[in-house]
Amino acid sequence: MSELNLLKSLDYSVLQQCMHCGMCLPTCPTYDETKFERSSPRGRIRLMREVADGRLDVTETFAEEMSYCLGCLACTTACPAGVDYGTLLENARGEVERRGVIGGPARRLFRWANLSVLFRHPRLMRAVGRSLWLYQKLGVQSALRKLGVMKLLPQQLRVMEAATPTVVAPFSNARIKRIEMPAAPAKYRVALLTGCVQDLLFSPINRATADVLLANGCEVVTPRLQYCCGSLHAHNGELELARDLARKNLDLYDVEKFDAIISNAGGCGSHLKKYAELLHHDSQYHARAVAWDRKVRDVSEWLVEIGCRAPQSAAGGVRVTYDASCHLLHGQKIAAQPLALLKLLPGVDLVPLAESDWCCGSAGVYSITQPEQSAKLLGRKLEHIAATGASVLASGNPGCLMQIENGMRRDPRLAHVRACHPVELLAEAYRREASRIGPGGAE
Amino acid sequence: MSQTVVSLAEELAQELGVDRVLTAAEDLAVYAYDGTAALRQNPACVVFPLTTAEVAFCVQTARRHRAPIVTRGSGTGLSGGSVPMEGALVVCLNRMDRIIELDPRNLTIEVEAGCITQTIDETAGKHGLFYPPDPGSRKISTIGGNVAENSGGLRGLKYGVTRDYVMGLEAVLASGEVVWLGNKCVKDVAGYNLRDLFVGSEGTLGIVTRVLLKLVPLPQARKTMLASYTTLEAAGETVSNIIAAKIIPCTLEFLDQQTIRCVEDFAHVGLPTEAAAVLIMETDGHPHVVAEEAAAMAAIASACGAISVRTAADDAEANKLLSARRAAFSALARVRPTTILEDVTVPRSELAGMVAFIAASAAKHGLQIGTFGHMGDGNLHPTYLTDERNADEMHRVELSLAEIVDRTLAVGGTITGEHGVGLAKKPYLKQQLGDNSYQLLKLVKGALDPDGLLNPGKIFE
Ligand SMILES: Cc1cc2nc3c(=O)[nH]c(=O)nc-3n(C[C@H](O)[C@H](O)[C@H](O)COP(=O)(O)OP(=O)(O)OC[C@H]3O[C@@H](n4cnc5c(N)ncnc54)[C@H](O)[C@@H]3O)c2cc1C
Ligand code: SF4
Ligand code: SF4
């Protein structure tokens, strides 16, 4: 079995590269919480190295520590040595899964249902999404909540139920045509990734993304049915499933025909840009994955690159604040672009958010696997949002939007604050502009 | 686990609770190291006291079990000071991190030993005050660790080192007794200065639990500049000439090309990656003086052959430049898997020659090296970029290190300017001090810790 040890299969110098300087410690939310070395990036890397060296077994404690890590990658931004913590963590989690050290049958069923079934089958996902939507629309959810039936659910499911986001139908396939052309002759041709969660819960963001791209001279190609990018799988140690999804997605596009492949979800984007690494040993797909990686852009990155046009219409006196999604900021190193887009909006008062670079506790499935720590981080985030006095919170990742929106809804100070993606604000401004300047010309 | 370890841990847990006493294999593995990656030894147990009384209890308990004690802050030390010895109890102070009192009338701040260095400066800043010592690790190092190592930093040239700011401290002795040394008086000559004895004692004389620090007024203005050179010697000469011109800037930091490239790779602050060396220079104080000194320094740099001298436009840019410099050591780890850092200081008149000697020694042994340092203090950090798995290469590193140490001592320098002796430097201490002084040090240690309980195996062979 030891030959298969995923941590051993890594290039050892990746593990060795951490030179224990501790520069990453102050940026790590889990170290901040416990002050225990093993809950720090440096400590976790040391544990991985001990496992790779065969000095430590993959124990339950090891597994818990890997699961306690948010995967927020703040440590990689802080690390001057350039340690690739994300890859190390994926492999460590992969090793934990492979060895099956944690989790009874319930955890396995849950993981299987989500990672192996739901997130791998977009049609099924939409079907589940549709019934979830109906269930919410018809008020069954609130009736059941009132009856207290939810208390009968096992703890993890209960947390999940409480956090069940509101599904927004219709989905992207009904909102966005397969090919849409801008009004003026197209300057660029881009593919739009509509995501899976994004598609279920935030399909208006997808529509807004398409609109903003169109307004900036892009022809937008959106395949009707897309696969989950596989980031949840990779981040949770299911590397084979992640590879399978990556191949399926690569099959959908003729990469050479596009100037860019646009993602509007920070978490997905950071994974989508690493297909080549994921498919490193796949002789059939690797070359295509390399080409793909070069074209994937976060929507804000792309818009800034092509010189996004400032909308003319003023919204007037709106105070907006921006929360950096971890995977956009630390994973993709995209810090300035979303802010640059927000600054283009006329009449918007952009106020800084304290600790905007600090995780909100959403972190993929973290709010389900580590509800306590997740809630603490969310509370901290809400405090900072309240301090800004903003009425709009913008962020570039559906997971974060879901988590923060969920928290704000239950917080009387913040119940009125709107959570949205920066491109939604841009799209709205363009729309206002179109309706004012209209075919008649003047306002 | 041996019987004594079990009962030591049990006794501690009974008093402090199981959450604050760690014995799991996973925990021991991560308290085996500090910032010196090559040294490693698992302790027997790790404990997190929250008060001085609890620290004293830990010492007394360890005493009864004859367990060696290693005090630990954040483990960023670079001489192996907090690397445990076998069977040791690690007393980790990082949770004792309260600010106890900021006294603006006496310009002092009293903090617990686990307080993070940067937090102290930021707290002082809110009152228009300033805590100058700023080791590169200031974001995470603890003041206890700074006191124990007498840490220097980027501003050491003008403001001095940690010792110059410690007015008083509380320590738990090897006997378990608690002492306060020093006070808020600017002048005090009552008895031996034992306070200073504890500063730089590397956890071998007592566990520091509280520190009373001197603060200074926040300088009104500062100017930060970046000078680039085509030769190492020209940078060295600039430093010598600035000092000779009787200017004491607050910062004169040196980076060689290897270091510039690694730092730029990480921080993207626009360092000139083709330059053979750069100096980061900063002057602070009254706006007039700052303007004058900055102009004079820029002129000296140009006269010494700097190809460009750039001034940071604002505080944000200056801070970026300085934090980039603070990342130098860690950034060098980008090149090869193992980085081995030296910490030699020479009289400033010897700097240019020393820089050249280091480069030549590395070349002679076929080694890759990056050199940076607090050049204004004469404190250099030549850093070998190696792979610990290559035995032959490691042997050559040793040869080169010994050469550098010999040369340092020959020109009247010291084997460590700020990181301490710890495990890494103990073979050289006697060489520097000579027999008599070395024995005197041992006498002091024997008087305060007769049973050799506190951080045994450090400093002395
Ligand atoms: C990237 C980087 C940059 C650095 N830059 C500098 C620099 O510019 N200047 C500089 O001087 N150093 C520098 N250092 C070295 C290091 O940060 C300092 O030595 C620092 O003071 C160590 O603090 P710590 O809390 O991490 O202590 P630790 O590493 O935990 O301990 C260091 C030593 O102090 C002892 N000790 C710790 N706390 C106490 C206490 N409360 N009472 C008694 N003994 C104690 C330990 O036993 C050990 O011997 C740097 C290190 C890194 C990794
Ligand atoms: S900053 Fe990087 S090299 Fe330093 S301890 Fe953290 S992971 Fe390791
Ligand atoms: S990913 Fe986030 S939580 Fe995990 S070690 Fe890095 S900083 Fe800490």
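The values are calculated or read from the model by the stated rules, or taken from the named source; none is laboratory data. All values derive from a computational prediction rather than experimental measurement. For the accessible areas, the whole protein counts, side chains as well, though only heavy atoms, and no ligand, DNA or RNA atoms are used. Shrake-Rupley method; radii C 1.70, N 1.55, O 1.52, S 1.80 Å.
Rounded to the nearest 500, what is the 222 nm mean residue ellipticity of the protein assembly as shown from helices alone, with -39500 (n - 2.57) per DSSP H run of 4+ residues and division by all residues?
-12500 deg cm²/dmol
Any chance you could list P(r) for segment A:200-296, counting all Cα-Cα pairs in 5 angstrom bins from zero, rounded to whole %?
Going out from 0 Å in 5 Å bins, segment A:200-296 shows 2, 12, 23, 25, 20, 11, 5, 2, 0 percent.
Kirkwood hydrodynamic radius, chain B, all distinct C-alpha pairs: what's the number in Å?
Details: mean 1/r = 0.0437 Å⁻¹.
Every distinct Cα pair counted, the radius reaches 22.9 Å.
So what is Rg over Rh here for segment B:372-461, counting just Cα atoms and using Kirkwood for Rh?
Reported Rg/Rh, Kirkwood definition of Rh: 1.02.
Which residues, if any, in segment A:67-88 lose at least 20 square angstrom of accessible heavy-atom surface (probe 1.4 Å) when the other protein chains sit next to their chain rather than the chain being alone?
Going by heavy-atom accessible area, the residues of segment A:67-88 that drop by at least 20 Å² are A:Pro80, A:Ala81.
With only alpha-carbon atoms counted, please give the Rg and Dmax of segment A:266-364, in Å.
When restricted to the Cα atoms of segment A:266-364, Rg and Dmax are 16.7, 55 Å.
Can you divide the C-alpha Rg of segment A:318-432 by 2.2 N^0.38 Å and report the result to two decimal places? Walk me through the intermediate numbers first.
On the way: Rg = 13.5 Å, N = 115, 2.2 N^0.38 = 13.4 Å.
Normalised by 2.2 N^0.38 Å, the Cα Rg of segment A:318-432 equals 1.01.
In Å³ and rounded to a whole number, note down the convex hull volume per residue for the Cα atoms of segment B:221-411.
Value for segment B:221-411: 97 Å³ per residue.
For A:Arg418, which sequence-distant residues (separation of 5 or more, or a different chain) have an amide H within less than 5 Å of its own amide H, given hydrogens modelled in the peptide plane?
A:Val392, A:Leu393
Per residue in segment B:262-305, which ones lose no less than 50 Å² of accessible surface when going from chain alone to all protein chains (1.4 Å probe)?
With the partner chains in place, segment B:262-305 has these residues losing at least 50 Å²: B:Phe266.
Along segment A:186-196, what does the Karplus equation 6.51 cos²θ - 1.76 cosθ + 1.60 (θ = phi - 60°) give for ³J(HN,Hα), rounded to whole Hz, x for Gly and Pro?
Taking θ as phi minus 60°, the curve returns 5, 8, 9, 10, 10, 9, 10, 8, 9, x, 9 Hz for segment A:186-196.
For the pair B and A, how large is the buried accessible area, both sides, in square angstrom to the nearest 100, if the probe is 1.4 Å?
The contact between A and B buries close to 2900 Å².
On a straight-distance basis, which aspartates and glutamates could pair with B:Lys214 in a cross-link, Cα separation under 13 angstrom, same-chain partners fewer than 8 positions away excluded?
Within the straight-line cut-off, B:Lys214 pairs with B:Glu101, B:Asp103, B:Glu110, B:Asp121, B:Asp164.
State the antiparallel share, in %, of DSSP beta bridges confined to the protein assembly as shown, rounding to the nearest 5.
That works out to approximately 70 percent antiparallel.
What pairs in A:Lys257/A:Lys333; A:Lys273/A:Lys333; A:Lys35/B:Lys425 have C-alpha atoms more than 20 Å from each other?
In this structure, A:Lys257/A:Lys333; A:Lys35/B:Lys425 exceed 20 Å between Cα atoms.
Given the convex hull over the Cα atoms of segment A:6-99, what projected area results after averaging over all orientations, in nm²?
Values: hull surface 20.8 nm².
For segment A:6-99, averaging the hull's shadow over all directions gives 5.2 nm².
Given a 1.4 angstrom probe, I'd like the percentage of the accessible area of the protein assembly as shown that is carbon and sulfur, rounded to a whole number.
55
Per residue, how much accessible surface does the protein assembly as shown expose to a 1.4 Å probe? Answer in Å², no decimals.
Here the per-residue accessible area is 40 Å².
Tally the DSSP beta bridges in chain B and give the antiparallel ones as a percent, rounded to 5.
If we restrict to bridges inside chain B, about 90 percent are antiparallel.
From zero outward in steps of 10 Å, how is the percent of C-alpha pairs of the protein assembly as shown spread across the bins?
Calculated P(r), rounded to whole percents: 2, 11, 19, 22, 20, 14, 8, 2, 0, 0.
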